[in-house]
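Accompanying notes for the structure given below.
Each reported figure results from applying straightforward, stated rules to the coordinates on display, with no laboratory input. Computed from a predicted model, the values in this text were never measured in an experiment. No Cβ is skipped: glycine too gets one built from the backbone with ideal geometry, and neighbour counts run over all protein chains shown.
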Amino acid sequence: QVQLQESGSGLVKPSQTLTLTCGVSGGSISSGGYSWSWVRQPPGKGLEWIGYVYNTETSYYSPSLRSRVTMSMDKSKNHFSLRLTSVTAADTAVYYCVRDKYSGYDLDRDSYDGMDVWGQGTTVTVST
Amino acid sequence: QSVLTQPPSASGSPGQRVTISCSGSNSNIGSRYVDWYQQLPGTAPKLLIYRNDHRPSGVPDRFSGSKSGTSASLAISGLRSDDEGDYFCAGWDDNLSGPNYVFGTGTKVSVL
């Protein structure tokens, strides 16, 4: 059974860069039929998709965060990462890493079967 | 703000049926599948329904999803106290900025 675990800085200063890593256990990040997403949830608010990555070199980001986000995968370490630059207080949130499931290996939206595995979440606070 | 709109709250007595709506547009629900997530207090969200009406393994058949036009619904039958939590619809939105997976505004379900 695949499990995900977020790690990284819990406190980031305004204008600096937030970096988080998601360790994958119980399965390989290279397995076909999956992409790897980040989702965040500000305190007391709803969920926001940040973006996803797969095949190491392919990534898609939310239009609202695209200018500040970079995601990457490290197959040798079986983990994937999130980098968010120029953070402000509005980036304070619980950050979840997620596995996206697809019914096939094409990883297109028409074969998307939802976010089937979630990490427990890690709280990131942006403050001086 | 989210492009998928849900009622802020819904409630029912134990054993009753509760329905949650999710309203979107032609660029999302009208042309794409809808997923539903359950978030119990203090926990990470969990996939409840995918592709409008499919349940992942382990999700009870008390939970069911449907879609019509630009709206979708989640029904919870035989409501239980441990169903209390937040429920979010979600799906892909196609717009000029590129693909975007959007979540609904969320509905808090209370068991009276």
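A few comments on the model shown:
- A single entry from B:ASP53, B:ASP94, B:ASP86, B:ASP35 fulfils the requirement of being in contact with an Asp or Glu (Cβ under 9 Å, 6 or more places away or on another chain), of a type in the set (Asp, Glu) and closer than 29 Å to A:TYR60 by Cα: B:ASP35.
- Apart from one condition, A:GLY121 fits all of (1) out of contact with any Cys (no Cβ under 6 Å at 6 or more places or on another chain); (2) on the phi < 0 side of the Ramachandran plot; (3) of a type outside the set (A, V, I, L, M); (4) surrounded by 15 or more Cβ atoms within 10 Å (Cβ to Cβ); the exception is (2).
- Filtered residues of the stretch B:68-112 (kept if part of a strand (DSSP E or B), away from chain A (no Cβ under 14 Å) and of a type outside the set (A, V, I, L, M)): B:SER68, B:SER71, B:SER73, B:SER110
- Residue match in the stretch B:48-58 (condition: touching a residue at least 24 places away in the same chain (Cβ under 8 Å) and in contact with a strand residue (DSSP E or B) (Cβ under 6 Å, 6 or more places away or on another chain)): yes
- Subset of the stretch A:40-71 [more than 19 Å from B:ASN95 (Cβ to Cβ), touching an Asp or Glu at 6+ places or on another chain (Cβ under 9 Å) and outside any loop (DSSP other than H, G, I, E, B)]: A:ARG40, A:GLN41, A:TYR54
- Filtered residues of the stretch A:1-59 (kept if of a type in the set (Asp, Glu) and surrounded by fewer than 18 Cβ atoms within 10 Å (Cβ to Cβ)): A:GLU57
- Counted residues, the stretch A:90-117 - those being more than 8 Å from chain B (Cβ to nearest Cβ), without any contact (Cβ under 8 Å) to a residue 40 or more places away in the chain and assigned to a strand (DSSP E or B): 0
- Per-region count, the stretch B:7-47, residues facing chain A (nearest Cβ under 9 Å) and among the aliphatic types (A, V, I, L, M): 2
- Close Cβ contacts (under 6 Å, 6 or more residues apart or on different chains) running from residues in the stretch A:30-44 that are in contact (Cβ under 8 Å) with a residue 24 or more places away in the chain to residues that are small (Gly, Ala, Ser) comprise A:ARG40/A:ALA93; A:GLN41/A:ALA93; A:PRO42/A:ALA93.
- Output for the stretch B:16-43, where each listed residue is in a loop (DSSP other than H, G, I, E, B) and surrounded by 20 or more Cβ atoms within 10 Å (Cβ to Cβ): B:GLY24, B:ASN28, B:ILE29, B:ARG32, B:TYR33, B:VAL34
- B:THR43 under 28 Å from A:ARG66 (Cα atoms) and over 11 Å from the mean Cα position of the chain (by Cα): yes
- Residue match in the stretch A:118-125 (condition: free of Cβ contacts under 8 Å to residues at least 24 places away in the same chain and of a type in the set (S, T, N, Q)): no
- A:SER111 satisfies every condition listed in (1) touching an Asp or Glu at 6+ places or on another chain (Cβ under 6 Å); (2) under 27 Å from B:LEU48 (Cβ atoms) except (1).
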